Amino acid sequence: MPGRQQADVVIVGAGIIGMAIAWRARQRGMAVTVLERAEAGQGASHVAAGMLAPVVEVEFGRAGQRLLDLGLRSAQLWPSFAAELEADIGTSVGLMATGTLLVARDEDDARELERQLAFRQSLGLTVTRLRPSEARDREPALAPTLRLALEAPEDHSVDPRLVVLALRKACASAGVQVREHAPVAHVELDGAGERVTGVSLQGGERMQAGQVVLAAGAWSGQIDGLPDDARVPVRPVKGQILRLRDPAGPGLLQRVLRFGGGYVVPREGGHYVLGATLEERGFELAPTAGGVYELLRDAHELVPGISELEIEELSVGLRPGTPDNGPAIGRAAVDGLIWATGHYRNGILLAPLTAELAVGLLGEQEPDSMLSACAPGRFTAGASRRSSPESLAGVVVSPAGPAAGALT
């Protein structure tokens with residue numbers, strides 16, 4: 001009969017969210033086991049571009065305002081989070097204070113940027129309107145046909161692959177048990193169905209735990225065993241993304257570039273990330289010629305030199321989306337279960353804050369006021385029962401041929 005293991009906390013999912021929570025929980029003295037359905041850090045976080053962009057990402061409406069509040073606070077945490085992680089493992093996580101440019105290629109785009117500028121200014125955000133000549137002074141590689149630009153100097157970027165690698169090393173050093181190829185099938189409850197007692201794996205193994213954190217990205221909603229009022233509806237949103245290299249070295253772009261069809265994120269050493277499509281296609285992970293063409297076409301119109309770069313990698317992944325595309329972070333409607341999923345396009349940005357909020361709940365601290373913006377119970381009819389106010393999983397394809405990647 002399959003064995004039974006035990007931990008203070010079981011975290012389901014070993015992407016940046018799950019690993020950040022594990023690292024922080026272990027620092028609080030908890031015995032932590034992370035269960036990953038494939039390979040740690042090789043899903044959403046491996047595919048993500050790593051933009052830390054609460055100002056650029058803000059959207060109209062109440063959900064957008066809630067996400068802005070979360071994003072701004074998490075962005076403030078990133079410098080200290082990165083510095084602590086780098087000091088712990090002794091290598092860089094690629095945090096780059098570049099700022100971001102939003103650019104318009106035609107008059108329609110320019111009118112929309114004017115609207116976006118007024119919206120951000122109404123929220124008190126730091127955004128500057130740039131004439132085309134001013135934008136090209138900052139980024140000479142921009143096309144002369146550019147119509148308008150906005151500068152968000154406080155929106156930066158980080159390299160998610162370096163962050164996850166650092167978290168894996170930090171967790172290992174601290175004594176976190178990370179188990180790969182250990183897909184969770186069910187959350188187990190007590191006889192009354194009111195409290196979590198652990199999880200069971202697809203192979204039948206059972207693991208007892210005082211508390212369980214569901215941080216499995218797009219697959220979070222696939223785990224069985226929960227009553228309807230304790231679940232969060234999470235759907236996969238497909239994205240295709242390219243990694244490029246300039247054989248001449250760094251210098252084509254210094255800042256993150258955002259445009260109507262996507263973005264270009266500079267990395268150290270003349271590397272760039274170009275993404276990303278938004279496709280509602282379920283768990284489909286096939287790359288398409290059309291998706292790649294659209295990304296390159298739109299980027300080339302604004303940065304002609306992009307066509308001279310070498311393609312290093314094509315990645316396809318699944319963002320975890322919720323009905324309002326805001327994250328679900330907080331207690332579920334059964335004791336001992338905490339959600340940390342549904343981060344959609346902002347998993348990298350929100351990782352430090354998510355870890356802080358989740359570990360506060362694990363340690364039974366007074367609930368942080370920020371939890372009201374991301375309460376999991378907002379999606380269920382039973383929200384009043386117990387809900388306290390409180391990257392992309394993917395496959396990678398190289399130019400030389402397909403290489404199956406892990407799914408979180």
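Rule-based calculations on the coordinates, nothing more; no lab input. All figures in this text were calculated on a predicted structure; none of them were measured in a lab. FYI the Cβ positions are ideal-geometry reconstructions off the backbone, even for glycines, and counts take in every protein chain you see.
Run lengths n ≥ 4 of DSSP H only: what is the helix-derived mean residue ellipticity at 222 nm for the chain, with -39500 (n - 2.57) per run over all residues, to the nearest 500?
On the way: 10 runs with 120 residues, N = 408.
Calculated at 222 nm, the ellipticity per residue is -9000 deg cm²/dmol.
Sequentially through segment 61-75, phi angles give Karplus couplings (6.51, -1.76, 1.60; θ = phi - 60°) of x, 5, 4, x, 5, 4, 5, 4, 4, 5, x, 5, 5, 5, 4 Hz, Gly and Pro residues having no value and appearing as x.
Each of Gly90, Val127, Gly50 was placed along the dipole of segment 22-180 (beta-carbon charges, centred on the mean Cα), and the one lying farthest toward the positive end is Gly90.
Counted over the chain, the DSSP beta bridges are approximately 70% antiparallel.
A simple charge model with +1 on the Cβ of Lys and Arg, -1 on the Cβ of Asp and Glu and nothing else charged puts the dipole of segment 1-83 at about 280 debye relative to its Cα centre.
Antiparallel beta bridges, as assigned by DSSP with both residues in segment 1-150, represent about 55 percent of the total such bridges.
Rounded if a/c is under 1.5, else prolate if a/b beats b/c, else oblate: with a ≥ b ≥ c from the C-alpha gyration tensor eigenvalues square-rooted, which is segment 155-280? Mind showing how you got there, number by number?
Numbers: a/c = 3.36, a/b = 2.00, b/c = 1.68.
It is prolate, given that a/c is not under 1.5 and a/b is the larger ratio.
When you count the other C-beta atoms within 10 angstrom of each residue and take the mean per peptide, 150-162, 338-350, 90-102, 303-315 line up highest first as 338-350, 150-162, 90-102, 303-315.
Stokes-Einstein diffusion for segment 183-228 at 10 °C, viscosity 1.306 mPa s, with a Kirkwood radius from C-alpha pairs, works out to 146 µm²/s.
To make sure I understand, if each residue's beta carbon is the centre and we count other beta carbons within 10 Å, what order do Lys169, Lys238 fall in, fewest to most? The partial results should precede the final answer.
Working: Lys169 15, Lys238 25.
Fewest-to-most Cβ neighbours within 10 Å comes out as Lys169, Lys238.
Each residue in Trp219, Trp78 was given a count of other beta-carbon atoms within 10 angstrom of its own, and listing them fewest first yields Trp78, Trp219.
Over the C-alpha trace of segment 86-158, radius of gyration and Dmax come out as 15.2, 49 angstrom.
Report the Cα centroid-to-centroid distance between segment 17-77 and segment 193-217 in angstrom, as an integer. Spelled out, the Cα-based centre of one part sits 21 Å from the other. Globularity index of segment 1-111 is 1.41 (Cα radius of gyration / 2.2 N^0.38 Å, N = number of residues).
Using only Cα atoms, what Kirkwood radius does the chain have, in angstroms? Please report the intermediate quantities before stating the final value.
Values: mean 1/r = 0.0464 Å⁻¹.
About 21.5 Å for the chain.
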